[in-house]
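Inspection log for the structure reproduced underneath, given as structure tokens.
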Amino acid sequence: MSTASRRRLHHLIRRFSFARLLVVGDLMLDQFIWGRVDRISPEAPVPVVHVTRESVHLGGAANVVHNIRALGGHASACGVVGRDVAGRRVLAELKRIGAGTAGVVAARGAVTACKTRVIAHNQQVVRFDREQADHTRNIAARLARFLQRHVWDFDAVILSDYGKGVITTELLAQLHDARQRRPFRLIVDPKKPNFGNYRGITLATPNLMEAADAADVVIRDDASLRHAGQRLLERWEAEAILMTRGEQGMTLFARQSNVRHFPTTARQVFDVTGAGDTVVAVCALALAAGATLDEAAFLANHAAAVVIGKIGTATLSAAELRTAMATGE
């Protein structure tokens, strides 16, 4: 990397602090039970985990918000939590990190999505999910009213779609119509229930399996990879697709531009939990800071390499991102 390019990227990272982002999606709580395994249960052929500690973290769309805040950006959340223990914890954590919560609906009777992971010796043993797959018309109407009033207040809008009921066909149509009236950056982390409903977006960040499924293409080689990327550009009327490919890094497809491959810079992989949240957060921050698509993908690739080297739902700081770029060149 040239000195000028390095200086440009550092300038973009500094500008993260000026970015104002709205994250719309499925807010979750990630709970981790940490321990060690010394024996197998006499009752069944399963490990006995001796619990040593527990921790909770913002998950799903809330983790995207956390990533933005950790990198210095301004973030507001729009989604649903229940009036339960997990919901109160999500709201408290969002406020603690300085995120906006005016768009969060705390609904009576709703169940806050919570994923509980049991970790022993840095390995996930089992995961328990508590969730609610849909929401009432009243909740949907409250989310729609917030977006109608505030969607243009931000430099970019992120859709963190985990398929848990917040991102509906109606909400996507509302955002598409709003974008037609007055364009804004719309960055999407897609999920299968809405593969047929996304359209008119700035950037989507599917993983390899999601991309193959959404494009209805079996990805076996470079030719089929390019075919899938091109088909998603057309189907989603997207300006760009950043396909995350695990140990093979990322591939960027953009209209009227060459396909760009970004080899992974990860030195070790401990846990991929939340890596997609980091990618979409960094891409949105970079684009809001004035980055090109190539620059946004480059920064996201290095950021992902940092978080998958950590255990559990993780974020990274601007300083860690700068270090990753220096050591990953």
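Worth pointing out:
- Number of positions in region 96-123 that are over 30 Å from Phe154 (Cβ atoms) and free of Cβ contacts under 8 Å to residues at least 12 places away in the same chain: 1
- Residue match in region 85-94 (condition: in contact (Cβ under 8 Å) with a residue 24 or more places away in the chain and not in a helix (DSSP H, G or I)): no
- Hits in region 159-206 - residues which are among the acidic types (Asp, Glu) and over 14 Å from Val24 (Cα atoms): Asp177
- Set Gly229, Gly165: member being surrounded by 16 or more Cβ atoms within 10 Å (Cβ to Cβ) and either on the phi > 0 side of the Ramachandran plot or touching a Cys at 6+ places or on another chain (Cβ under 7 Å) (or both): Gly165
- The set of residues in region 202-225 being over 27 Å from Ala156 (Cα atoms) and under 24 Å from the mean Cα position of the chain (by Cα) consists of Asp216, Val217, Ile219, Leu225.
- Residue in region 34-42 that is more than 27 Å from Asp134 (Cβ to Cβ) and either part of a loop (DSSP other than H, G, I, E, B) or at pLDDT below 90 (or both) present: yes
- Residue in region 138-145 that is closer than 30 Å to Gly249 by Cα and not hydroxyl-bearing (Ser, Thr, Tyr) present: no
- For region 162-221, residues that are over 21 Å from Ala296 (Cα atoms) and part of a helix (DSSP H, G or I) total 21.
- Of all the numbered requirements in (1) under 25 Å from Gly200 (Cα atoms); (2) modelled with pLDDT of 90 or more, Arg255 misses one, and that requirement is (2).
- Of the candidates Arg96, Arg145, the single residue that is over 22 Å from the mean Cα position of the chain (by Cα), among the basic types (Lys, Arg), loosely packed, with under 15 Cβ neighbours inside 10 Å and at pLDDT 95 or above is Arg145.
- Residues that are in contact with a strand residue (DSSP E or B) (Cβ under 7 Å, 6 or more places away or on another chain) and closer than 30 Å to Phe18 by Cβ, drawn from region 135-146: Arg142, Leu143, Phe146
- Residues of region 44-71 that turn out to be assigned to a loop (DSSP other than H, G, I, E, B) and either modelled with pLDDT of 95 or more or crowded, with 24+ Cβ neighbours inside 10 Å (or both), as a count: 1
- Which numbered condition Arg235 misses (of (1) surrounded by 23 or more Cβ atoms within 10 Å (Cβ to Cβ); (2) closer than 18 Å to Leu186 by Cβ): (1)
- Here Val151 fits the description: part of a helix (DSSP H, G or I) and within 21 Å of the chain's Cα centre (by Cα).
Yes or no, residue by residue, for (1) at pLDDT 95 or above; (2) β-branched (Val, Ile, Thr); (3) in a helix (DSSP H, G or I):
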{"residue": "Val104", "(1), (2), (3)": "yes, yes, no"}
{"residue": "Ala110", "(1), (2), (3)": "no, no, no"}
{"residue": "Thr116", "(1), (2), (3)": "no, yes, no"}
{"residue": "Gln124", "(1), (2), (3)": "no, no, no"}
{"residue": "Ala133", "(1), (2), (3)": "no, no, no"}
{"residue": "Ile139", "(1), (2), (3)": "no, yes, yes"}
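- From the list Thr265, Thr244, Thr315, Thr292, the lone residue that is polar (S, T, N, Q) and either touching a Phe, Trp or Tyr at 6+ places or on another chain (Cβ under 7 Å) or at pLDDT 95 or above (or both) is Thr292.
The values are calculated or read from the model by the stated rules, or taken from the named source; none is laboratory data. Everything numeric in this text was worked out from a predicted model, so none of it was measured. For neighbour counting, all protein chains shown are included, and Cβ atoms are generated from backbone atoms with ideal geometry for every residue, glycine included.
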